[in-house]
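K.L.:
To start, I am sharing the structure in question, which I have written as structure tokens.
Here, each number is a calculation from the coordinates, and none is a lab measurement. Nothing here was measured: the structure is a model prediction, and the numbers come from that model. When we count neighbours, we look across all protein chains shown, and the Cβ atoms used for this are built from the backbone with ideal geometry, even at glycine.
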Amino acid sequence: MTNIAKGLEGVLFTESKLTFINGAEGVLTHLGIPIQEWAENSTFEELSLALLNGQLPTAAQLATFDADLKANRAIPDALAQVITHMPRGVHPMQALRTAVSYLGLLDPQSEDTGAEARRAISVRMIAQFSTIIAAISRAQEGKEIVAPRMDLTHAGNFLYMLTGKEPTAEQTRLFDMALVLHVDHGMNASTFTAIATSSTLSDMYSCMTSAIGALKGPLHGGANEAVMDMLDEVGTPDKAEAYINAKLDAKTKIMGVGHRVYKYFDPRSRVLRDYAEVVANKEGKSTYYQILETIEKVVVERIGSKGIYPNVDFYSGTVYSDLGIRKEFFTPIFALARISGWCASVIEYTGDNRLLRPDAVYTGVTDAHYVQLQDRQ
Ligand SMILES: CC(C)(COP(=O)(O)OP(=O)(O)OC[C@H]1O[C@@H](n2cnc3c(N)ncnc32)[C@H](O)[C@@H]1OP(=O)(O)O)[C@@H](O)C(=O)NCCC(=O)NCCS
């Protein structure tokens, strides 16, 4: 009997030095450094560069990278026009996929798949994803696109371009931390998709457009949006316990809990919960936070023994919504962070490339013959 690895679960197809996950113990590291330390000490810019280079950068390397990102923040006018004229009401991930593909048309280096070009394009895309996503949000709201500012951090500038207002230092730090938590996560579906495309020696824009398509699906990037829908459905904290017990009795999946890899607390959810607790202690517990606290308690008590614990999406939606970000933009923001992981993974894989070409067990008939159209029933 042939074994089929459904969903490719447990299949090892390459080596990587970027990200390590131990799902049983809830461990996530980048370059061997725990995610909690990255979240506490680092920035989106630094983690992005560390993954692209495969090592912690020096201060000088980081300053150069930061200057490169800033110099590449602006998007071509032709792309801004395309974004402005996209149909209203399209999903922002559709808009992002189209915008990134169009950006490739405007980049004279786009067809160059050499190592240096892949890296240069990565830097430009990491910088420009932010401007593109903010522009899509503004255009969808019928507002003017806001030009990037060069004196703000990557996270601060994104919030500025999104809202037209300069964020506070606390908002910037919080958003930066959320980006850090999402930069990379091993061989997830979108990273694998980017690598599969790059393995044919296709160009970086094709790789990233493929990855955006994979991230768009609700089993991957869309769960935090679903958590917010659930919180709105619960309404008030006093209804949370009965709501979640009824869902569990009916064997309905609870959004934001459970993970293919983590069978204990997702460490990223702990970082976000700790942040939520700090805010709750300062400003009082928000309704959303109180509902989440109850859901977490009931879920861990009732199905923790099955390895079902809160994942990163459990708290991230409330963090974004505290920052005034609309639900439909949660998945594009995931892409805003993950672009660095996608680029770093593609660069690492193409350094020792082999075309990805798995196989399927054929279960169809083997003794058929062609039947002329007029002779078919
Ligand atoms: C992420 C997910 C697809 C992983 O699923 P998986 O690894 O295939 O886990 P399984 O479906 O094998 O689940 C094992 C058991 O836990 C239960 N379970 C899994 N996720 C659950 C959830 N979110 N709520 C309630 N029960 C859940 C299953 O029903 C199953 O129970 P059983 O053994 O009695 O049949 C799943 O947990 C899920 O759909 N979660 C909600 C969506 C989400 O938050 N996704 C974002 C991931 S970062």
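K.L.:
So which of 165/253; 251/327; 6/306; 306/327; 17/143; 282/306 end up more than 32 Å apart, counting from Cα to Cα? Don't skip to the end; give the middle numbers.
P.N.:
On the way: 165/253 38 Å; 251/327 26 Å; 6/306 20 Å; 306/327 30 Å; 17/143 43 Å; 282/306 35 Å.
Pairs exceeding 32 Å: 165/253; 17/143; 282/306.
K.L.:
Separate question: Could you quote the convex hull projected area for the chain, Cα atoms only and averaged over all directions, in nm²?
P.N.:
24.3 nm²
K.L.:
For residue 100, what charge total do you get from the other residues with a beta carbon under 14 Å from its beta carbon, if Lys and Arg give +1 and Asp and Glu give -1?
P.N.:
That works out to +2.
K.L.:
Okay, next question. What does the net charge come to around residue 69 if you take all other residues with beta carbon closer than 15 Å to its beta carbon, with K and R at +1 and D and E at -1?
P.N.:
-1
K.L.:
Using only alpha carbon pairs under 8 Å that are at least six residues apart, calculate the relative contact order of the chain and give it in whole percent.
P.N.:
After rounding, I find 23 percent.
K.L.:
Which whole-number percent is the relative contact order of the range 149-228 (Cα, under 8 Å, 6+ apart)?
P.N.:
Once divided by the residue count of the range 149-228, the mean separation gives 19 percent.
K.L.:
Please list, ordered by chain and number, the residues whose modelled amide H lies under 5 Å from the amide H of residue 311; skip anything fewer than 5 residues away on the same chain.
P.N.:
The list, which skips near neighbours in sequence, is 257, 258.
K.L.:
Would you be so kind as to identify which of 333, 310, 356 lies farthest towards the positive end of the dipole of the range 279-359, taking Lys and Arg as +1 and Asp and Glu as -1 on Cβ and the Cα centre as origin?
P.N.:
Farthest towards the positive pole: 310.
K.L.:
From the residues 264, 295, 243, which one has its Cα farthest along the dipole of the range 223-322 in the positive direction, the dipole being from +1 and -1 charges on Cβ of Lys/Arg and Asp/Glu about the Cα centre?
P.N.:
Going by the charge dipole, the pick is 264.
K.L.:
Taking the Cβ of residue 218 as the center, what net charge do the other residues with Cβ under 12 Å away carry, scoring Lys and Arg +1 and Asp and Glu -1?
P.N.:
The answer is -1.
K.L.:
For the range 154-218, max minus min Cα coordinate along each principal axis, in Å, sorted largest first?
P.N.:
44, 22, 22
K.L.:
Also, quick follow-up: Kindly write out, for the range 118-125 in residue order, the coupling ³J(HN,Hα) from the Karplus curve 6.51 cos²θ - 1.76 cosθ + 1.60 (θ = phi - 60°), rounded to whole Hz, with x marking Gly and Pro.
P.N.:
4, 5, 4, 5, 4, 4, 5, 5
K.L.:
To one decimal place, what Kirkwood hydrodynamic radius in Å is obtained for the range 223-322 from all pairs of distinct Cα atoms?
P.N.:
Mean inverse Cα-Cα distance, inverted, gives 13.4 Å.
K.L.:
Per-residue counts of other Cβ atoms within 10 Å, averaged by peptide: what ranking do you get for 282-289, 191-198, 72-79, highest first?
P.N.:
Final packing ranking: 191-198, 72-79, 282-289.
K.L.:
I need the phi-derived Karplus couplings for the range 279-286: 6.51 cos²θ - 1.76 cosθ + 1.60, θ = phi - 60°, integer Hz, Gly and Pro marked x.
P.N.:
4, 4, 5, 7, 10, x, 6, 6
K.L.:
With charges only on Cβ, +1 for K and R and -1 for D and E, what is the dipole size of the range 223-322 about its Cα centre, in debye, rounded to 20?
P.N.:
That gives a dipole near 500 debye.
K.L.:
Based on the mean of other beta carbon atoms within 10 Å per residue, what is the order of 44-55, 303-314, most packed first?
P.N.:
My ranking of the peptides, most packed first, is 44-55, 303-314.
K.L.:
Ranked from highest to lowest mean number of other Cβ atoms within 10 Å per residue, what is the order of the peptides 214-227, 10-23?
P.N.:
Listed from highest to lowest mean packing, they are 214-227, 10-23.
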